[in-house]
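The values are calculated or read from the model by the stated rules, or taken from the named source; none is laboratory data. Since the model is a prediction, treat every value here as computed from it, not as a measurement. All Cβ positions, glycine included, derive from the backbone under ideal geometry; neighbour counts span all protein chains shown.
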Amino acid sequence: MTKAKTETVASNKRDVADIGGIPVYCRYDEAVEIEKVTGHPRNPNKHGDEQIALLAKIIKASGWRNPICVSNRSGFVIKGHGRLMAARVLGVTHVPVEYQDYDTEAAEYQDMIADNRIAELAERDMSIIKDLLEELDTGANDMDLTGYVEAEIERLMTQFHAESGEGTEKQIKEQWLIVVTCRDENHQTEILDRLIKENIECKALKS
């Protein structure tokens, strides 16, 4: 499948400051009618309604920071399915598209899978995220634009404080014990009295 010709609102990368009222801060090739942008039928990444609603909010507030990547070979979206879905939620008519060359179908699949897989392999330093979220949480910033909603932030803060200072685990005192089995209650009393006289900490137990 070859890429269909598309009507262009702007070309030559960054010819306009916005597309449909949404600022564009990324490099792109064309602003393409959204109906002409087709997601890959074998895209393995599924996006829930909450994720798309949050992404739509971020795009509307922060502008386009990444284009939608379309293959010159197949004409399908390779990277940016979530952004395309968010654009549909926003009701925009055009989206910024970047065209990329792929020699084979396999190369398209590899890039499509790796786009999300590589991000999953990143190890997040939650203490730094906590510090950044606390700095941003002044009341003047919309915290949703971080990708963390209010409930997630509260859960993160509660968990972090429980694992650090306020919930410091108490050191368990190491103890060395001897269990003496007595013949009867009288024998137990005799042994207990003897140990107490020798200033040995002990207690009587019945099992």
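Brief remarks follow.
- Candidate set: the range 135-156, residues that are of a type in the set (A, V, I, L, M) and part of a helix (DSSP H, G or I); chosen: the one nearest to A86 (Cα to Cα): L145
- Candidate set: the range 28-73, residues that are in contact (Cβ under 8 Å) with a residue 12 or more places away in the chain and of a type in the set (D, E); chosen: the one farthest from R117 (Cα to Cα): E33
- Applying the criterion of being outside any strand (DSSP E or B) and touching a Cys at 6+ places or on another chain (Cβ under 9 Å) to the residues of the range 80-111, the residue that is farthest from G48 (Cα to Cα) is D111.
- Number of residues in the range 99-122 that are at pLDDT below 95 and of a type in the set (A, V, I, L, M): the value is 4.
- Selection status of G80, of a type in the set (G, A, S) and surrounded by 15 or more Cβ atoms within 10 Å (Cβ to Cβ): yes
- Scope the range 26-52; condition β-branched (V, I, T) and part of a loop (DSSP other than H, G, I, E, B); matching residues: V37
- Single residue of the range 58-88 satisfying the filter (basic (K, R) and under 19 Å from the mean Cα position of the chain (by Cα)) that is nearest to N141 (Cα to Cα): R65
- Of all residues in the range 19-65, those being crowded, with 17+ Cβ neighbours inside 10 Å and aromatic (F, W, Y) number 2.
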